1. Mind checking the dipole of the chain: about its Cα centre, +1 per Lys or Arg Cβ, -1 per Asp or Glu Cβ, Debye to the nearest 20?
2. Can you tell me, using C-alpha contacts under 8 Å and at least 6 residues apart, the relative contact order of the chain as a whole percent?
3. So if I place +1 on the C-beta of Lys and Arg and -1 on the C-beta of Asp and Glu, and nothing else carries charge, what would the dipole magnitude of segment 62-194 be about its Cα centre? I want it in debye, nearest 20.
4. Can you give the helix-only mean residue ellipticity at 222 nm for the chain, where every DSSP H stretch with n ≥ 4 adds -39500 (n - 2.57) and the sum goes over all residues, rounded to the nearest 500 deg cm²/dmol?
5. Which is farthest toward the positive dipole end of segment 54-115 among 109, 64, 88, measuring Cα position about the Cα centre, with Cβ charges +1 (Lys, Arg) and -1 (Asp, Glu)?
6. Measuring from label point to label point, each 7 Å out along Cα→Cβ, what is the residue 20 to residue 47 span in nm?
7. Give me, ordered by chain and number, the residues 5 or more places off residue 31 or on other chains with an amide H under 5 Å from its own placed amide H.
8. To the nearest 0.05, how large is the calculated FRET efficiency for residue 57 and residue 83 if R₀ is 35 Å and r is the Cβ-Cβ distance?
Amino acid sequence: MKPRAVLGVGGYASAPAVAAARALGVPTFLHEQNSVPGRVNRLASRFTTQTLSTFPDATRWLGNAVWVGMPTRTEIFEASREEALRDLGLRPPVVLIFGGSGGALKINLAAAVAFGSATPYTVVQVSGRRDFSRLSTENPRHHIIEFVEDIWRYLAAADVVVSRAGAGSLFDIAAAGKAAILIPYPYATGDHQLENARYFTRRGAAESMPDSVVGARTLRDRVEALLNDVGRREDLARRMGALATPDAAGEVARRLLGAPEKEWSP
């Protein structure tokens, strides 16, 4: 089948496909997720038809760049809090803790201790498969879960979210419109998680917490301070929701489908 366009989403694996498409005259596009682009996308962006960025500031690092936002699952925008609480069997208020698709060991260990004893609120900790067997709790309102497919339900149910600052996680939280405490991974390439988080904190849409100070006591204190400040929590949630990009997937699709068709044969 003749491709109308090729989209790369970063990383070394996408480079050969994008390079081959360009050599064959097929329009090529990149989507850069992070606020500080990786080396592959910085280089490749000079040769693509267009580079699409999640964060507005990332365009300064890239060639042929335009800001479109982060494509996000429609289920997150549409999920009902009342239905999520009912379907998941959770009693509010709810704190959701997750470290991204692979988990986050430091956050997992701190949270297991911080919320392992009785709490007047529900804690859902999505640990990731790697760390799950290392964690335990004696608190019946502290649920440690290895992995969830339907993260949108847990986001909908949450009052406060604690998360790393990967782009996908951040824009999922924004789509759900939730107050968040962000803990950027300090060893991310180019410190991009710190810059990702700053996009939200500088706009008053989230709180941040350095990884270096994360511990059981500090984590519980920060979570409880936010739970107890309803006005602050509602303001963060409103500002977070305003930064969501609900039409990003459509905009990416429109730009790809709008590329002129080329004569091409394998």
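1. Here the chain has a charge dipole of around 600 debye.
2. Over the chain, the number comes to 20 percent.
3. 300 debye
4. Helix-only estimate at 222 nm: -11000 deg cm²/dmol.
5. Among 109, 64, 88, the one farthest towards the positive end of the dipole of segment 54-115 is 109.
6. 1.4 nm
7. Placed amide hydrogens put 8, 9, 10, 52 under 5 Å from residue 31.
8. So the FRET efficiency works out to roughly 0.45.
Quick note: the coordinates plus some simple rules give every number you see, no bench work behind them. Values in this document were obtained by computation on a predicted structure and should not be read as measured data. So basically every Cβ, Gly included, is an ideal-geometry build from the backbone, and we count neighbours across all protein chains shown.
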